[in-house]
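Asker: What follows is a single structure, and I will ask about it in a moment.
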Amino acid sequence: MTSILLSSRAFITDHITHTFFELMADGNKNRPVVIIVNSVKEGKQHPKMIALKNTLIQKGVSRPILFDVYHDDVAVLKQAAAIILNGGYEFFLLHSLKESGMDQVLRTLILKGVPTYGISAGAIVLGPDLGLYQVIYPEDNLFHDKDISGLHVTDIRIYPHYDQHLAQDPTLAEKISKWETATHNHVIRIANDEGVVIRDNVARRFK
């Protein structure tokens with residue numbers, strides 16, 4: 001049974017935090033929580049990566065580990081009690097996972113039931129593809145990747161930070177609706193304080 005949590009921001013509300021630990025409830029507490037670091041120049045030294053690790057420690061996680069898909073041992077990932085797929089740039093993240101081969105490792109683990117928390121870009125790449133983002137933000141595909149299929153551990157498509165982005169671009173609602181009509185796909189728009197929990201591809205949205 002897949003156990004997936006998606007949100008725009010990490011542990012932004014008590015409900016999101018509670019849901020994450022609820023997903024972990026049946027897991028092995030002695031195993032690490034592995035945070036996959038997105039492709040940023042500072043890597044594990046990025047202040048947001050360190051802050052997220054410290055947040056987990058403050059919330060009682062004894063073994064949070066920052067994980068670099070290019071350099072770290074895949075055995076660490078395979079021992080995870082839970083996996084956090086961090087935010088950043090969705091095309092960068094997807095490119096890194098595919099280039100390193102970690103996309104298939106992650107997909108296998110998640111489909112086996114390892115609880116997984118996708119944050120922002122991490123929430124996007126867990127879905128079927130980045131088709132919507134290729135249309136709306138083609139400039140973000142810096143590597144000009146042709147294969148923009150996601151990990152596809154869920155059929156559910158997410159647009160995070162919807163409230164924030166809509167305020168910045170009032171045409172966003174029309175752009176997403178136009179894409180939905182053209183592709184016959186549905187996108188769940190979530191605000192910065194919202195989350196989506198997915199169990200066996202059944203989604204429940206909450207604040």
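Asker: Just to check your reading of the model, which residue among L130, L166, L142 is over 18 Å from the mean Cα position of the chain (by Cα) and touching a residue at least 24 places away in the same chain (Cβ under 8 Å)?
Answerer: It is L142.
Asker: R204 fails exactly one of the following numbered conditions: (1) touching a residue at least 12 places away in the same chain (Cβ under 8 Å); (2) within 16 Å of G118 (Cα to Cα); (3) open to solvent by 50 Å² or more (accessible area, probe 1.4 Å). What is the number of that condition?
Answerer: R204 satisfies all of (1) touching a residue at least 12 places away in the same chain (Cβ under 8 Å); (2) within 16 Å of G118 (Cα to Cα); (3) open to solvent by 50 Å² or more (accessible area, probe 1.4 Å) except (1).
Asker: Same structure again: Cβ-Cβ under 7 Å, sequence separation 6+ or interchain: first residue in segment 99-120 and over 15 Å from N201 (Cα atoms), partner among the hydroxyl-bearing types (S, T, Y) and open to solvent by less than 20 Å² (accessible area, probe 1.4 Å). Which pairs?
Answerer: Between residues of segment 99-120 that are over 15 Å from N201 (Cα atoms) and residues that are among the hydroxyl-bearing types (S, T, Y) and open to solvent by less than 20 Å² (accessible area, probe 1.4 Å), the close pairs are I119/S7; S120/S8.
Asker: For segment 33-67, which positions are open to solvent by 60 Å² or more (accessible area, probe 1.4 Å) and either polar (S, T, N, Q) or assigned to a helix (DSSP H, G or I) (or both)?
Answerer: Result: K44, Q45, P47, K48, I50, K53, N54, I57, Q58, S62.
Asker: Please work out which one of (1) over 25 Å from Y159 (Cα atoms); (2) part of a helix (DSSP H, G or I) is the condition Y70 fails and give its number.
Answerer: The single condition Y70 does not satisfy is (2).
Asker: If you don't mind, another one. Checking M24 against (1) surrounded by 15 or more Cβ atoms within 10 Å (Cβ to Cβ); (2) under 22 Å from R107 (Cβ atoms); (3) in contact with an Asp or Glu (Cβ under 6 Å, 6 or more places away or on another chain), which single condition isn't satisfied?
Answerer: (3)
Asker: Now for a different question. Determine whether I84 is modelled with pLDDT of 95 or more and within 15 Å of the chain's Cα centre (by Cα).
Answerer: yes
Asker: Looking only at segment 132-168, how many residues end up being open to solvent by less than 60 Å² (accessible area, probe 1.4 Å) and of a type in the set (D, E, K, R)?
Answerer: Residues that pass the stated criteria total 3.
The values are calculated or read from the model by the stated rules, or taken from the named source; none is laboratory data. Bear in mind the structure is a predicted one, so any value in this text is a computation, not a measurement. Quick reminder, even Gly has a Cβ in these numbers, built from the backbone with ideal geometry, and neighbours come from all protein chains shown. Ligands, DNA and RNA are excluded from the accessible area calculation, which covers all protein heavy atoms including side chains. Shrake-Rupley method; radii C 1.70, N 1.55, O 1.52, S 1.80 Å.
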